[in-house]
Amino acid sequence: MSPGIFLTCVRDRKLHTSYLLVTSRMTGGLDSYETWITASGLSFCTDADLIRAVEGSDNPKEKCRALVRAGIGAPLNPDNRYSRAFIESVNDASPDVRKSAITAIGYTEWPPFQELLDAISQQDPDGSVRSLAKRMSVAFDEAEVGDE
């Protein structure tokens, strides 16, 4: 697209949805992409929109979708707003919400989440949640997340 700006299309078959992601390490110069996306008839979500959707979800299915969207749309570097939403969600009563929070964490690939994944893989009361956390932790290791 332009130097330092990346356009990625992500299809999540499990959630039956797709996303167009514009990523940049620079904060400026993205306005023209927002205009292009909305002119194409697509919705444009800011960080605030993504976090608000997670925090404002009324049911587990809605929250699961919002978490995955937030994970996909999260910044390249750790951000406390997202971290807080994901950490709160891995403690949710619903195992599906906890698994979606782990999926969101996986999309971020933020090194600080490695310890959390390890803890969940050992302590979550649901076996499927523990298993997903373990697989995500292994994926972090294999991708050398956090290794310099």
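What the table below lists for this structure:
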item: Selected residue (criterion: surrounded by the fewest Cβ atoms within 10 Å (Cβ to Cβ)) from residues of segment 72-100 that are under 15 Å from D12 (Cβ atoms) and modelled with pLDDT of 95 or more; result: D96
item: Qualifying helices (runs of 4 or more DSSP H) (wholly inside segment 2-83; at least 2 residues being of a type in the set (V, I, T) and free of Cβ contacts under 8 Å to residues at least 12 places away in the same chain); result: 31-39
item: Filter pass, T17 being modelled with pLDDT of 80 or more and not assigned by TED's automatic domain parsing to the domain that holds I102; result: no
item: Subset of segment 22-67 (residues that are at pLDDT below 90, among the hydroxyl-bearing types (S, T, Y) and surrounded by 13 or more Cβ atoms within 10 Å (Cβ to Cβ)); result: T23, S24, Y33
item: Segment 2-12, residues that are within 14 Å of I72 (Cα to Cα) and not aromatic (F, W, Y); result: L7, T8, C9, V10, R11, D12
item: Identity of the residue in segment 101-129, under 21 Å from K63 (Cα atoms) and charged (D, E, K, R), that ends up surrounded by the most Cβ atoms within 10 Å (Cβ to Cβ); result: D124
item: Odd one out for E148 among (1) exposed (fewer than 13 other Cβ atoms within 10 Å of the Cβ); (2) modelled with pLDDT of 95 or more; result: (2)
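The values are calculated or read from the model by the stated rules, or taken from the named source; none is laboratory data. Just so we're clear, the structure is a prediction, and the values are computed from it rather than from any experiment. Note that each Cβ is placed from the backbone with ideal geometry, even for glycine, and that neighbours are counted across all protein chains shown.
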